[in-house]
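Data first, discussion second: the structure below is written as structure tokens.
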Amino acid sequence: MKFFHLSDLHIGKQLHGYSLKEDQEHILKEVVAYAKVLKPDAVIIAGDVYDKSVPSAEAVQLFNRFLTEVFALPDPVAILVISGNHDSAERLRYAEEILETQQIYLAGKLPETPQERIKKVTLKDAYGEVDFYLLPFLKPSYLKTGKEEGQPSSYTQAVEQLLLRENIDFQRRNVIVSHQFYMGSSAPKTCDSEILSIGGLDSVEASLLLPFDYAALGHLHRGQKIKAEHIRYCGTLLKYSVSESGDEKTLKVVTLEEKGKAASVEEFPLHPRRDVKTKRGTLEEILAEAKEEEREDYVSITLTDEVQPFKPREQLERKFSHILEIKADNSRTRSRVLMEAEPVLLRSPLENFRLFYREIQGRELTGSEEEILQEICREMEE
Ligand SMILES: [Mn+2]
């Protein structure tokens with residue numbers, strides 16, 4: 001059994017205001033080209049197909065084209081998709097039952113009541129059957145147990161409850177597809193293009209997935225293993241933030257042989273239309289070193305000039321057509337950062353508003369205005 005492990009396509013995403021449509025189109029075409037050659041049995045998308053729960057018509061068209069091209073390949077390929085936290089589960093599972101007859105499995109709906117089950121898809125190869133469990137993104141509150149004592153209090157408990165209900169036969173080959181923040185003993189590598197809750201409150205204990213033959217995960221945008229070789233995030237196909245500029249994005253192809261034999265994961269290089277890069281130096285240095293082939297790349301530029309150069313953006317735009325940001329790092333900005341790092345006085349919301357009001361309006365609050373605000377602050381605290 002060979003399958004492509006994809007996740008976090010975030011179709012429709014923008015990068016610092018630039019539409020990534022052409023980049024996403026280009027990279028999905030490369031995935032299709034790889035499928036033509038490598039002939040996988042399945043393509044798995046582990047959540048965050050779209051960047052928004054209400055994707056643009058353009059984004060829907062792009063995904064539609066990708067599905068159509070995979071579907072049109074000479075050798076049949078099953079397509080398995082779960083919804084991520086960015087997707088609308090209901091919209092993603094449009095025409096779910098009809099599409100299933102064509103080997104396109106869309107899991108958007110979570111088994112909410114104890115009677116419902118996780119969507120299971122069984123595919124066959126020379127070694128027999130493989131069960132794929134498609135678990136869409138979930139929060140503990142999504143599960144309706146009907147009584148308070150059974151209600152999961154953490155993300156780990158919620159996933160555990162759902163898996164226990166399945167009575168999975170671990171003598172068989174099983175793959176779980178899930179979109180959560182799984183954590184092993186050490187903290188996973190995160191980056192700026194993900195939205196995670198502060199302090200990892202949404203984390204799920206990865207050891208729950210150990211009994212599976214492979215865990216195809218989505219949510220984290222950096223490809224990585226969690227806790228074991230066979231529990232993996234594939235990472236995004238494209239760099240979705242400046243913090244990923246040094247990463248190498250690859251296509252992950254998983255092969256499962258007979259039960260008991262470890263899954264193998266091969267990585268294939270991807271060739272994005274535009275790279276995401278960081279540049280650092282004086283304006284003169286950056287202009288002199290700019291290469292023609294990086295003209296279209298997305299660049300984050302840090303200028304180290306001690307004296308503010310003349311119209312830096314205009315000059316840089318002659319060399320780079322997709323500038324994400326221009327930052328300054330010199331002794332002045334560093335001393336400013338140091339000053340800002342001095343302890344900040346903690347003021348009450350009311351005091352802060354008074355100061356803000358004075359600055360904007362040029363006068364103090366009147367007595368009645370002050371009363372209204374006191375009332376609002378009280379309500380806020382309650
Ligand atoms: Mn994502």
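Please list, by residue number, every one of the chymotrypsin sites (Phe, Trp or Tyr not before Pro) in segment 290-331 that is coil in DSSP and has at most 11 other beta-carbon atoms within 10 Å. When the chymotrypsin sites (Phe, Trp or Tyr not before Pro) of segment 290-331 are filtered for loop state and at most 11 Cβ neighbours within 10 Å, Phe310 remain. Looking at segment 2-269, the DSSP beta bridges with both ends there are about 40 percent antiparallel. To make sure I understand the rule: partners must be lysines, Cα under 20 Å from the Cα of Lys311, and not fewer than 8 residues away in the same chain. Which ones qualify? Within reach: Lys279, Lys319, Lys327. Mean separation of Cα pairs under 8 Å and 6+ residues apart, divided by the residue count of the chain: what relative contact order is that in percent? It comes to 14 percent, rounded to a whole number. Relative to the Cα centre, the charge distribution of the chain, modelled as +1 at Lys and Arg Cβ and -1 at Asp and Glu Cβ, gives a dipole magnitude of about 780 debye.
For trypsin sites (Lys or Arg not before Pro), the sites in segment 270-373 that DSSP calls loop and that have at most 16 other Cβ atoms within 10 Å are Arg273, Lys291, Arg295, Arg318, Arg347, Arg363.
Under 19 Å of direct C-alpha separation, and excluding same-chain neighbours fewer than eight residues apart, Lys147 reaches these lysines: Lys139.
GNM remark for the chain: springs join alpha carbons under 10 Å apart, and the peak mean-square fluctuation among Gln103, Gln161, Gln361 falls on Gln361.
Of the solvent-accessible surface of the chain, computed with a 1.4 Å probe and all protein chains present, 52% belongs to carbon and sulfur. Each stretch of four or more DSSP H residues adds -39500 (n - 2.57); spread over every residue of the chain, this sum gives -8000 deg cm²/dmol at 222 nm.
If you count Lys pairs in segment 34-124 whose Cα atoms are under 27 Å apart, skipping same-chain pairs closer than 8 places in sequence, the total is 11. Residue by residue, segment 110-115 carries 3J(HN,Hα) couplings of 8, x, 8, 8, x, 7 Hz when phi is fed to the Karplus relation 6.51 cos²θ - 1.76 cosθ + 1.60 (θ = phi - 60°); x denotes Gly or Pro. The local environment of Lys36, defined by Cβ-Cβ distances under 11 Å, has a net charge of -1 under the rule Lys, Arg +1 and Asp, Glu -1. Surface exposure of segment 2-269, expressed per residue as accessible area with a 1.4 Å probe, stands at 44 Å². Counting only residues at least eight positions apart within a chain, or on another chain, the aspartates and glutamates with an alpha carbon under 15 Å from that of Lys29 are Glu69. Based on Cα contacts under 8 Å between residues 6+ apart, segment 127-247 shows a relative contact order of 24 percent.
With all pairs of separate Cα atoms included, the chain yields a Kirkwood hydrodynamic radius of 23.8 Å. Accessible surface calculations at 1.4 Å, restricted to protein heavy atoms, place segment 276-340 at 64 Å² per residue.
The values are calculated or read from the model by the stated rules, or taken from the named source; none is laboratory data. Keep in mind it's a predicted model, so treat the numbers as computed, not measured. Glycine gets a Cβ as well: all are built from the backbone with ideal geometry, and neighbour counts include every protein chain shown. Heavy atoms of the whole protein, side chains included, go into the accessibility calculation; ligands, DNA and RNA do not. Shrake-Rupley method; radii C 1.70, N 1.55, O 1.52, S 1.80 Å.
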